[in-house]
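For reference, the structure is listed below as structure tokens.
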2 protein chains.
Amino acid sequence: MTDSAAVTIATGARSAFEKSQLLPASERITALNEIRKELEASKDEILAANKKDLELAQHEVDAGRMSESLLKRLDLNKGDKWESTLQGITDVAILADPTGRITYASELDDGLELYRVTCPIGVLLVIFEARPEVVVNIAALAVKSGNAAILKGGKESSNTVVSLSQAIQRALARTSLPDTYIQAIQTRAEVSSLLELDQYIDLVIPRGSNSLVRSIQNSTRIPVMGHADGLCNVYLDKSADTEKAVRVVVDSKVDYPAACNAAETLIVHESVLHTVWPMVAQALVQANVQLLCDPPTLKALWNISPPLPQLRTHVHSSIPSSYTTEHLSLTLSVVSLPSLSSAIQWINSHSSHHTDCIVTESEEAASLFCRGVDSAGTFVNASTRFADGFRYGFGTEVGISTGKIHARGPVGLEGLVIYKYILRSKGSQGHVVGEFGVGAGKKRYKHADINPSSLPF
Amino acid sequence: MTDSAAVTIATGARSAFEKSQLLPASERITALNEIRKELEASKDEILAANKKDLELAQHEVDAGRMSESLLKRLDLNKGDKWESTLQGITDVAILADPTGRITYASELDDGLELYRVTCPIGVLLVIFEARPEVVVNIAALAVKSGNAAILKGGKESSNTVVSLSQAIQRALARTSLPDTYIQAIQTRAEVSSLLELDQYIDLVIPRGSNSLVRSIQNSTRIPVMGHADGLCNVYLDKSADTEKAVRVVVDSKVDYPAACNAAETLIVHESVLHTVWPMVAQALVQANVQLLCDPPTLKALWNISPPLPQLRTHVHSSIPSSYTTEHLSLTLSVVSLPSLSSAIQWINSHSSHHTDCIVTESEEAASLFCRGVDSAGTFVNASTRFADGFRYGFGTEVGISTGKIHARGPVGLEGLVIYKYILRSKGSQGHVVGEFGVGAGKKRYKHADINPSSLPF
């Protein structure tokens, strides 16, 4: 794409965002309903486009260039996916409006009122891979939160994404929102050009592989919200309960190993090497998990009598890089450490600050762990797999952020809004700063809290 | 500085931050009191260092390489500056703790509780110019909010900054906080090296000139909080009241022209070119403001009879760049536009999204302006000069942000914290995700709001 084509897309989104700010929030609900209707009406056309993508993908699978599991994720008509995608639009439509909320209000002087009001961020650039229905999810979240969005799907689903986004634009054309409010782009070159346009685009949200996210983080001045790695740790404290340890570690690793909130490293306190650890290891091996162990955790297993079944096939020596690898499979790195404080230090220097868990019966250890571990989620006796917007009760999820500003951990609609300050003088002469000060005849600031339920105008 | 020296500083700050997380918040109050005491005890030494800076600066002034006003800002013993700097530490110490606040809490299942708790961001790199007492202000804000900080002052104040930061480190050495919690660096080369270290530094806060801020924004992947420009606009609506217009425009421009919240452009609705505008222009000219006018606003003034005094000396033609220039002086660019919507578009494309004001008697125009203008502050009949943390009632100010994520507008201590999620199972078996789902025998999430006043452990 030429730079001027990128500018056209970006300024189209910016201008659509600015126009949308003058419309009441109810127009955005109308737009969500229209989008659902238009997708229903265009079902045959969209599934035909999806079929094209599936056929092309089948060639790739046959040639050994694509995995069967990726192919399956492209299918928009599999199981209840089509219906649940449409229902998702309605689910988002009925969520509480994240914009227009007053989060601070103060009377600075008689007739001078300050309001801090939540509002959309502006223009989002969302880049995702594989599953084409994400275009519908993201469009719904953007419309609901009042942000314009430019969407880029995976190249494997390009026919489907084009067809879905055309339907969305037809729906928008029937509303008062500009049809450039939601736009789709096709190529990496377009993404590269757009990542330069920080004067028009306010936030980039990459959802996909580590390498996708990292390459975007390294190539733009626009703020990026998301996570590259999910290197989650579970720490077995010296007071760990064996049953809890077994359940939490197995669930954290096995429930869905390809997820970013699956555990990748297990840290074992030295004092439970011969008590809790062998039981946990046995359960992991029974669940077909490959263990990459440091010398003490390895030795502890070799010393068990009778020997652990599958010891030779499932228990191996770790190497240093084992502890910085996101396995995303039934593999778990294991290390033993002498103390809670060394475990906290290990996690702070090895984890991706996503979600880390302590298994302990000690309130004090739990408290120290949760304060000391600098991650978006610090869990006590609960599987790392709970780190998820739906499980947290947010209704929907924009993504999971390992950044340290704006939004952290699972991000709901709140992560797509910021705030602005509105200052309103109702005085008969307007308000000027020069009248305030410390001298004689000068006014002082009142700073009296006020509690309006909505903006007075 | 070698890169390894930068790494030593950054890892020292990181490790100090991580250790501090294990200490109770009361230790940070103790540290603030110790810092005040040590600065008082070291007054002679610090003022001697400050005298060195002042002498070196006097040479620069004499040689015409530094302004007299910059020299004055270096003087730590001028007026009540020393006392008010010390008092500032106590003022920050008694503010409410921004950390440890529970902002969301939900029971996900029996005995499974989720808390969202505010916490420090981590390691701050703060870069400022000229006034050396900023090192004390920032150290106090960082300690109060639980963040470690690396500080870089202007080279003109380097002796003072070294002396202040040595005293701060002596004070920290008497507390349980590591003395690398607050560190000062001296050179631009050190800043350049540190800006590369995004694995250790979480947020950069530049406070200074446009060029300082812009060069930092362009040279780091670390998030930057602040503002490069303060291009504030005042718009005179067709329903503007003349007296309010005069007062608000004059105050916005004249109260402190070098401030980022001073007005730089005045937008005049065409219909008030011959009514409100001449009165405003007259007041501005009387206040010695130079006006850079587009043809309609210029013509309106030339047609007044009797002619405006000082028309020839104070009223000039604008050029396109007048409207993207931050004058920071008694100069104001003026443009006429035909409508409210064109004024909103003008502001969105020309302003720095800092603070913009409408003068109007119409509730509808005020509402449209505040919704349509995409700036951190949108003001109605109130001077842009009110955009300030102290005036907003925040007690202290970290800076003013024109970014669109995390914190926007004047930023108080809240801008130096983020949150983490703490999930705690009190169940007898711990909690695992695999037990939840839609099938028979599966648990459903409760998502019941809970209202704890503090963390239960």
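Computed values, structure above
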| item | result |
| --- | --- |
| Close pairs from the range B:360-386: first facing chain A (nearest Cβ under 7 Å) and in contact (Cβ under 8 Å) with a residue 40 or more places away in the chain, partner small (Gly, Ala, Ser) and open to solvent by 20 Å² or more (accessible area, probe 1.4 Å), Cβ under 9 Å, at least 6 apart | B:383/A:434; B:385/A:434 |
| Failed item in (1) in contact with a Gly (Cβ under 6 Å, 6 or more places away or on another chain); (2) modelled with pLDDT of 95 or more; (3) of a type outside the set (Lys, Arg), with residue A:233 passing the rest | (1) |
| Some residue of the range A:134-144 being β-branched (Val, Ile, Thr), touching a residue at least 24 places away in the same chain (Cβ under 8 Å) and in contact with a Phe, Trp or Tyr (Cβ under 6 Å, 6 or more places away or on another chain) | yes |
| Per-region count, the range B:10-26, residues touching a strand residue (DSSP E or B) at 6+ places or on another chain (Cβ under 6 Å) and either at pLDDT below 95 or open to solvent by 30 Å² or more (accessible area, probe 1.4 Å) (or both) | 0 |
| Condition check for residue B:393: surrounded by fewer than 23 Cβ atoms within 10 Å (Cβ to Cβ), in contact (Cβ under 8 Å) with a residue 12 or more places away in the chain and within 9 Å of chain A (Cβ to nearest Cβ) | no |
| Filter result for the condition that a residue is polar (S, T, N, Q) and touching a strand residue (DSSP E or B) at 6+ places or on another chain (Cβ under 6 Å), over B:286, B:290 | B:290 |
| Per-region count, the range B:114-132, residues within 18 Å of the chain's Cα centre (by Cα) and assigned to a strand (DSSP E or B) | 7 |
| Matching residues, the range A:282-303, being free of Cβ contacts under 8 Å to residues at least 40 places away in the same chain and either under 10 Å from residue A:334 (Cα atoms) or of a type in the set (Phe, Trp, Tyr) (or both) | A:295, A:297, A:298, A:302 |
| Condition broken by residue B:173, with the remaining ones in (1) farther than 28 Å from residue B:229 by Cβ; (2) away from every other protein chain (no Cβ under 14 Å); (3) in contact with a strand residue (DSSP E or B) (Cβ under 9 Å, 6 or more places away or on another chain); (4) hydrophobic (A, V, I, L, M, F, W, C) satisfied | (3) |
| Any chance residue A:228 is more than 23 Å from residue A:373 (Cα to Cα), under 17 Å from the mean Cα position of the chain (by Cα), in contact (Cβ under 8 Å) with a residue 12 or more places away in the chain and surrounded by fewer than 24 Cβ atoms within 10 Å (Cβ to Cβ) | no |
| Whichever residue in the range A:231-253 is of a type outside the set (Asp, Glu) and out of contact with any helix residue (DSSP H, G or I) (no Cβ under 8 Å at 6 or more places or on another chain) and, among such residues, is least open to solvent (accessible area, probe 1.4 Å) | A:248 |
| Among the residues listed as A:88, A:111, A:64, A:79, the single one being over 25 Å from residue B:403 (Cβ atoms) and touching a His at 6+ places or on another chain (Cβ under 9 Å) | A:111 |
| Selection from the range B:27-40 of residues that are away from every other protein chain (no Cβ under 14 Å) and either open to solvent by less than 70 Å² (accessible area, probe 1.4 Å) or in contact (Cβ under 8 Å) with a residue 60 or more places away in the chain (or both) | B:29, B:30, B:31, B:32, B:33, B:34, B:35, B:36, B:37, B:38, B:39 |
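The values are calculated or read from the model by the stated rules, or taken from the named source; none is laboratory data. Computed from a predicted model, the values in this text were never measured in an experiment. Because the Cβ atoms are built from the backbone with ideal geometry, glycine has one as well, and the counts that use them run over all protein chains shown. Surface accessibility is based on the protein's heavy atoms, side chains included, excluding ligands, DNA and RNA. Shrake-Rupley method; radii C 1.70, N 1.55, O 1.52, S 1.80 Å.
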